[in-house]
Ligand SMILES: [Zn+2]
């Protein structure tokens, strides 16, 4: 069972970024290739596919998407948009960050829609990128898929009668993360600053930072309430209570790794020793406990 779990985790890791190395067939085995759609507010749909969670707004101004999954999900995404008038109605795409499981369909969508992101997303998508932890390399994206409009700290977009605050949270999951607050709907899309019920990946090679990541989660917790609909980058649709558990896990596991460092343990020895059993469930969703300890160790050592 443990071996099977490790294999499943490994396969998930391999499919995390663009240029997935799995064959379609294998990828289909592990994760669905259609979107499961849930209406979370009038005109707001939560779409779960293979990569990062997608949010769709429909209304008088047309369609707006936050993130767009892997490139291999393009036909599934076209089908999903087809139910709401099709790609021609799509006016705006927001990228929460550059990773390929969130931006894989930028090129397909960018010929008709305006793509919005933080400044650094355009910089990273314009050039070759590497995530050594997963041995992943990506090529520069075609011009059509690059963000058309970028911002540095914060911007507001009025669309479909919603007031969308797009805010940069520096050095968190990457160096170009946006969190999108639908202020009128009490809804927030957190991108990969929230992995619900699982250890998060933090791209410290590309500007991410555990301390700031944890602070970003705390900052969101401060401004939402028990009624807020919280969309994580990965995992099921969520709420404040689950985001709070995530924050407690970040603080608790960081403290345990810091203690092991203070005791003089190397990264390998810390990984072998492991964390308290109370965190066990967090290692079953996406990253193993060992990889998480490595990320924390590299962040705080
Ligand atoms: Zn990501």
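The values are calculated or read from the model by the stated rules, or taken from the named source; none is laboratory data. Treat the numbers as computed from the prediction; the structure is a model and nothing was measured. Heads up, the Cβs are rebuilt from the backbone with ideal geometry, glycines too, and the neighbour counts pull from every protein chain shown.
Of note:
- Residue among 127, 152 that alone is more than 21 Å from residue 62 (Cβ to Cβ), surrounded by fewer than 17 Cβ atoms within 10 Å (Cβ to Cβ) and free of Cβ contacts under 8 Å to residues at least 24 places away in the same chain: 127
- Any hit, region 222-242, residues being closer than 16 Å to residue 286 by Cβ, in contact with a strand residue (DSSP E or B) (Cβ under 9 Å, 6 or more places away or on another chain) and in a helix (DSSP H, G or I): yes
- Some residue of region 251-274 being within 16 Å of the ligand (Cβ to nearest atom) and either under 20 Å from the mean Cα position of the chain (by Cα) or buried (at least 19 other Cβ atoms within 10 Å of the Cβ) (or both): no
- Within region 191-232, the set of residues being on the phi > 0 side of the Ramachandran plot and surrounded by fewer than 21 Cβ atoms within 10 Å (Cβ to Cβ) comprises 197, 207.
- Of all residues in region 190-216, those that are assigned to a helix (DSSP H, G or I) and more than 15 Å from residue 97 (Cβ to Cβ) total 4.
- Test result for residue 300, surrounded by 18 or more Cβ atoms within 10 Å (Cβ to Cβ) and touching a residue at least 40 places away in the same chain (Cβ under 8 Å): no
- Of all residue pairs spaced 6 or more apart or on separate chains, those with beta-carbon atoms under 6 Å, a first member in region 162-190 that is without any contact (Cβ under 8 Å) to a residue 40 or more places away in the chain and a second member that is outside any strand (DSSP E or B) are 163/183; 163/184; 165/183.
- Scanning region 93-107 for residues that are surrounded by 21 or more Cβ atoms within 10 Å (Cβ to Cβ), more than 13 Å from the ligand (Cβ to nearest atom) and part of a helix (DSSP H, G or I) yields a count of 1.
- Complete set of residues in region 108-121 that are away from the ligand (no atom under 16 Å from the Cβ) and either outside any strand (DSSP E or B) or modelled with pLDDT under 95 (or both): 108, 109, 110, 111, 112, 113, 119
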